[in-house]
Structures are given as structure tokens and as C-alpha cells.
Amino acid sequence: MNLNLTVINLIKTFPEQLKEALDLTKQINATDFPKDQIHHVAISGMGGSGIGAHLVKSILEDYCKIPITLIQGYNLPLWVNEKTLFIACSYSGNTEETLTVLEIAKKQTDHIFSVTTGGKLKAISDKENFPQFNFSGKAECPRAGLAYPSVAILMLLQKLGLCPGIDIKEEIGHSSKLLMEFQEEIQIEAKTLAKNIHSFYALLYADQKFYPAVLRFQQQLAENSKQLSHTHVFPELNHNEIVGWRFPEDHISRSKAILLRSDFDHPQNQKRMEASKSIILQHAEIIELKAKGKSFTQQLYYFIHLVDWISFYLAEENQVDPFPVENIDYLKNKLAEKS
């Protein structure tokens with residue numbers, strides 16, 4: 001099997017995956033939960049299964065009237081209680097952290113929803129009769145299946161009436177069409193940028209609202225390109241990191257800043273970006289990426305698709321296979337060893 005072709009297909013079909021995920025959400029029944037008793041949402045997910053939760057939180061930030069919190073570890077906050085909707089998200093269904101937190105959640109709330117392709121999470125959900133969203137594992141790796149958990153959780157919260165003012169079905173549909181329309185242009189831009197940043201350390205910056213995009217960027221450069229990078233967001237980076245653009249000089253000389261720009265950046269952050277550019281340009285090149293789309297959701301998914309392609313082409317520049325993640329496999333095997 002040509003693994004590069006596999007990765008190409010997985011990235012290229014992301015717009016279609018959004019449409020398929022939307023169709024699959026017909027299985028979600030809003031009557032499974034008493035929406036008037038849900039006062040907060042907690043989503044547990046790691047890595048490729050967790051990035052979807054970041055998207056959900058950012059997309060619904062201006063619409064959801066209750067807090068959405070991400071749980072990315074082995075501990076569950078004490079505030080999770082009978083008024084919490086707990087969502088366990090694991091692509092494989094065997095994510096150690098998510099399964100650990102699920103066992104705690106079962107003691108604190110009856111409102112549990114799972115998102116998975118199978119594994120232990122599905123087995124537990126079947127046994128406990130938890131409502132669930134199941135999808136195919138044909139993407140073959142969690143990071144390539146982002147469309148399904150993000151759309152599923154968005155639609156669940158929409159059906160529960162927790163995010164009035166936004167039509168998720170319409171937003172996902174428009175996002176899918178947008179990415180199909182600009183697929184070729186996105187690939188050309190991604191390939192050019194990959195060549196530009198090859199052999200350089202990339203510092204990835206964006207408005208705080210687009211944190212999921214720069215986080216995805218960092219994750220995909222690590223897993224696909226096998227390359228380290230750094231992420232921060234405005235305005236917080238203006239309160240600390242901007243001062244550090246001096247040393248170590250040899251490291252900064254081999255760095256480039258990549259700035260994600262959107263029509264939906266906060267006006268003050270737009271000013272901060274322009275002011276920060278004058279500081280960074282004294283030490284390194286700045287590359288700006290501009291999102292397309294008529295809404296925040298569309299531009300966020302546009303960035304996701306763009307950075308996925310960048311990570312693939314950078315893998316080619318680095319002459320590595322983007323598919324395997326040997327270090328993660330090694331860690332899983334070590335953790336599975338009996339002490």
C-alpha cells in the first residue's frame with residue numbers, strides 16, 4: 001500500500017467527510033437528554049479525538065448559553081454533576097484517559113453521550129445504554145477523522161437547543177462546499193508554504209478564537225511532518241511571548257512566524273497583530289495565511305483543511321511517511337506493559 005496516497009485521500013475527502021458526518025447525525029436523538037436539566041457540558045477527548053471538541057467550543061462560544069469545558073487528562077472536575085452533559089469522545093474507543101474519566105463521570109452524572117468507532121467505549125456504552133454516535137473507522141487514524149466527532153457534538157448541542165442563533169446543518173453544508181470549491185487553490189498554497197518553512201522552526205499565531213486552527217496546525221506538523229513547532233494566540237502572547245523575540249539568536253534566525261488572519265479576528269487583536277509584526281520582522285520572516293468563507297465556522301474549517309495539506313507537503317519535504325506515528329505507538333506499548 002502506498003501510504004502517501006492513503007494520506008492524500010484522507011485529506012482530500014475531508015469536505016465529503018463533513019457531509020457524511022452531517023448525514024450520520026440523524027442517529028442522534030435529542031430526547032435522550034432533558035435539555036432543561038443540562039447546565040454545563042464537559043467533553044473528554046485526546047489528540048485527534050480532542051481537537052473536535054476545541055472546534056465545538058470555539059464555534060459555539062457566541063451562541064451557547066452554558067459553559068463548554070474540555071477534559072484532557074485523567075481527572076474529572078468536581079463540578080461535573082447531575083446537571084452536566086458528559087461527552088466521551090474516542091476514535092478508537094480505547095483511549096486510556098477518556099475511559100478513565102468516563103468511569104468517574106458515571107458516578108457523578110447520568111447524562112453521558114459517547115462518540116466512537118468502537119472499542120471499549122462502545123462496549124461500555126452498549127452495556128450502560130448510553131446514547132452514542134457511531135461512525136466508520138475508515139479514516140484509519142484519529143487525526144484524519146476530525147469531521148465526525150466535531151459535527152456530531154455540534155449537532156447534538158444544536159438538537160438539544162443549547163445554541164440558538166446558529167444553524168449548524170447550514171454551516172457544515174456551506175463549509176463542505178467551500179472546501180470543495182477551493183481544494184486545488186488550497187493545495188497550491190499549502191505546497192508553496194511547506195517549501196518555504198522547510199528546515200525552519202515555525203511559530204504559529206492566531207486570534208484566540210482561532211486557537212483550534214493553530215493547535216491543529218501544531219499537531220499535524222508533529223504527527224504528519226514529524227516536526228516540532230510552537231503555538232500561541234493573541235492577545236495573550238502580547239503579555240509575555242512577544243518580549244522573547246531576541247534569544248537564542250541562532251534559534252530565532254532559523255525560525256519563521258506564521259500568522260493566521262481572519263475577517264473574524266477581534267478588532268483589537270487585528271491592531272495587536274499589526275503592531276507585533278513590526279517587532280517580529282526585526283528577527284524573522286512572517287508568513288500570513290488568510291481564510292476564506294462567509295462565517296467564522298467556514299473560515300475555521302478552511303484553516304483546518306489548509307494546515308492539514310501543509311503538514312502533508314512538509315512531510316514530503318522532510319522525506320518522511322506522514323502516516324505512521326511510531327513514538328505514540330511506542331508510548332502505548334510501554335504503558336500497556338505490566339509493572
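The values are calculated or read from the model by the stated rules, or taken from the named source; none is laboratory data. These figures come from a predicted structure and were not determined experimentally. Here Cβ is always computed from backbone atoms with ideal geometry, including for glycine, and neighbour counts include all displayed protein chains.
Among the residues in the stretch 318-337, are any hydroxyl-bearing (Ser, Thr, Tyr) and exposed (fewer than 15 other Cβ atoms within 10 Å of the Cβ)? Show your work before the answer.
Of all residues in the stretch 318-337, those hydroxyl-bearing (Ser, Thr, Tyr) come to 330.
Remaining after also requiring exposed (fewer than 15 other Cβ atoms within 10 Å of the Cβ): 330.
Looking for residues that are hydroxyl-bearing (Ser, Thr, Tyr) and exposed (fewer than 15 other Cβ atoms within 10 Å of the Cβ), one finds at least one in the stretch 318-337, hence yes.
Between a first residue in the stretch 144-156 that is at pLDDT 95 or above and a second residue that is part of a helix (DSSP H, G or I) and hydroxyl-bearing (Ser, Thr, Tyr), which pairs have beta carbons less than 8 Å apart while being 6 or more apart in sequence or on different chains?
Pro149/Ser49; Val151/Thr25; Ala152/Thr25; Met155/Thr25; Leu156/Thr25
Please state which of the following conditions Ala222 fails to meet, knowing it meets all the rest: (1) closer than 14 Å to Asp308 by Cα; (2) touching a residue at least 24 places away in the same chain (Cβ under 8 Å).
(2)
Every residue in the stretch 89-130 that is assigned to a loop (DSSP other than H, G, I, E, B), more than 21 Å from Gly48 (Cα to Cα), in contact with a strand residue (DSSP E or B) (Cβ under 9 Å, 6 or more places away or on another chain) and not β-branched (Val, Ile, Thr), please. Before the answer, list the steps.
Taking the stretch 89-130 and keeping what is assigned to a loop (DSSP other than H, G, I, E, B), we get 91-95, 109-111, 117-118, 129-130.
If we keep only those that are more than 21 Å from Gly48 (Cα to Cα) too, we end up with 109-111, 129-130.
So of that shortlist, the ones also in contact with a strand residue (DSSP E or B) (Cβ under 9 Å, 6 or more places away or on another chain) come out as 109, 111, 130.
Matches in the stretch 89-130: His111, Phe130.
Can you pull out the residues in the stretch 89-108 that are more than 19 Å from the chain's Cα centre (by Cα) and crowded, with 19+ Cβ neighbours inside 10 Å?
Answer for the stretch 89-108, where residues must be more than 19 Å from the chain's Cα centre (by Cα) and crowded, with 19+ Cβ neighbours inside 10 Å: Val101, Leu102, Ala105.
Which one of Thr6, Thr25, Thr109 is modelled with pLDDT of 95 or more, of a type outside the set (Lys, Arg) and under 30 Å from Tyr302 (Cβ atoms)?
Values: Thr6 fails: modelled with pLDDT of 95 or more; Thr109 fails: under 30 Å from Tyr302 (Cβ atoms).
Being modelled with pLDDT of 95 or more, of a type outside the set (Lys, Arg) and under 30 Å from Tyr302 (Cβ atoms) holds for just one of Thr6, Thr25, Thr109, which is Thr25.
Can you give me the ranges of the helices (runs of 4 or more DSSP H) entirely in the stretch 1-79 with at least 1 residues that are among the β-branched types (Val, Ile, Thr), farther than 22 Å from Asn94 by Cα and more than 14 Å from the chain's Cα centre (by Cα)? Spell out the reasoning first.
Working: elements: 3-12, 14-24, 47-60.
Fully inside the stretch 1-79 and qualifying: 3-12.
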